[in-house]
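No value in this document is a laboratory result; all are computed from the given coordinates. Please read these numbers as outputs of a predicted model, since none were measured by experiment. Heads up, the Cβs are rebuilt from the backbone with ideal geometry, glycines too, and the neighbour counts pull from every protein chain shown.
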Amino acid sequence: MGMGTRAKTRFGAGIATTALGAFVAAPTWAQELVGQPTPGGIGLQAAASPLKHQVHFFHQAVLLPMCVGISLLVLGLLLWIIVRYNKRANPVPAKFSHNTTIEVIWTVVPILILMVIALFSFRLLFSYENMPEPDVRVKITGNQWNWAYEYPDHKVPEYISNILPEDKTTKQLYRLAADQPIVVPVGATVELLITAADVIHAVAVPAFGVKIDAIPGKTNHTWFKAEKTGIYYGQCSELCGVDHAFMPIQVNVVTQAEFEAWVASKGGSMPGSEPAAPAAAPAAAEAAAPVAADAAAPTEAPTEAAAAPAAAAAQ
């Protein structure tokens, strides 16, 4: 006995629901890691910045429901046509070739879907471009095959970051950990000034929602604000040569006090602390003035004493 139309429809819907449930629940099977890929995980990395939270919303609340809804609609239409209009159920096919109502619907509905996507997409792009006043600027230069970092506002000179050797890190973090990380304070707005010295590279730190090309002769910029301390990893995400896979990016997010200590250890200084030295010069000059006056006084006394015998001899 064959399966009825209603049974087939329910069976297809059951398969679709089970598949969707497994897809949504799959990320919970693996323990989610912050700042690095989760083995066996599905979906985006956990958000650690305001921009990445917006990316999550755009993906989870806008794009994913639309993708799932459209896929289920198409699947349902396919199943319905297969069951309702196969040769056995519909031996005499229809002769019409156009349906104005259906053609208007499948033209207008996709336009409306794209308009909704564009609305949220433009808002997200505006957030990336509308950077607050930065607290820290980091210049990043891509080389074959390492990164050079510099803090122009903190007078931290350029230093090179290379991949951490395999025997000095874990299997999970190999090709993610670096010997010289970027260090930024938690809660600070960090502007990244990104360029390259040879070929096109790309800076990508998924937990912060950062992904932008590093192009020779051009400086791109983006920003992030880390919400909590920790270590976050990224990589070069643009094919740049034979050792492309060996260009990790490590970002250490620390407290403000730890950041200031790190800046000092690199020979830099905090913005606003440099003017203290010139201000001390007038005070030193004022303090030195009485000493100079006292030192000059004894030279006048011997002169007067020496002049007295000469005047007596003249008399």
- request: For Ala261 and Glu158, calculate 0.36 nm times their separation in residues minus their Cα-Cα distance, and state this gained length in nm to one decimal.
  value: 35.3 nm
- line: So, with points 7 Å from each Cα along the Cβ direction, the Trp80-Glu129 label distance in nm works out to 4.1 nm
field: All lysines inside 28 Å of Lys211 as judged from Cα atoms, apart from same-chain residues fewer than 8 positions distant
entry: Lys52, Lys139, Lys155, Lys168, Lys171, Lys225, Lys228, Lys266
- line: Of the candidates Ile160, Thr101, Ala118, the farthest towards the positive dipole end of the stretch 87-177 (Lys/Arg Cβ +1, Asp/Glu Cβ -1, centred on the Cα centre) is Thr101
query: What is the packing order of peptides 202-210, 231-239, 56-64, taking the mean over residues of other C-beta atoms within 10 Å and listing the highest first?
result: 202-210, 231-239, 56-64
query: Okay, which of the stretch 177-206 sit inside 17 Å, backbone N to the point 7 Å along the Cα-Cβ direction of Leu33?
result: 177-179, 205-206
task: Would you please give the FRET efficiency between Val242 and Asp167, computed as 1/(1 + (r/R0)^6) with r the Cβ-Cβ distance and R0 = 30 Å, to the nearest 0.05?
output: 0.85
- line: For Gln180 and Leu73, extending 7 Å from Cα along the Cα-Cβ vector and measuring point to point gives, in nm, a value of 5.4 nm
- prompt: In nm, what is the difference between 0.36 nm times the number of residues separating Val116 and Lys87 and their Cα-Cα distance?
  reply: 6.5 nm
query: In the stretch 84-174, which trypsin sites (Lys or Arg not before Pro) are in a loop and have at most 15 other Cβ atoms within 10 Å, using DSSP for the loop call?
result: Lys87, Arg88, Lys95, Lys171
- prompt: How large is the dipole of the stretch 155-195 about the Cα centre if only Lys and Arg carry +1 and Asp and Glu carry -1, each at its Cβ, rounded to the nearest 20 debye?
  reply: 80 debye
Efficiency of FRET from Cβ geometry, Met270 and His59, R₀ 35 Å, rounded to 0.05: 0.40
- prompt: In a Debye calculation with equal point scatterers on the alpha-carbon sites of the stretch 111-157 and no solvent, what is log10 I(q)/I(0) at q = 0.22 Å⁻¹?
  reply: -0.82
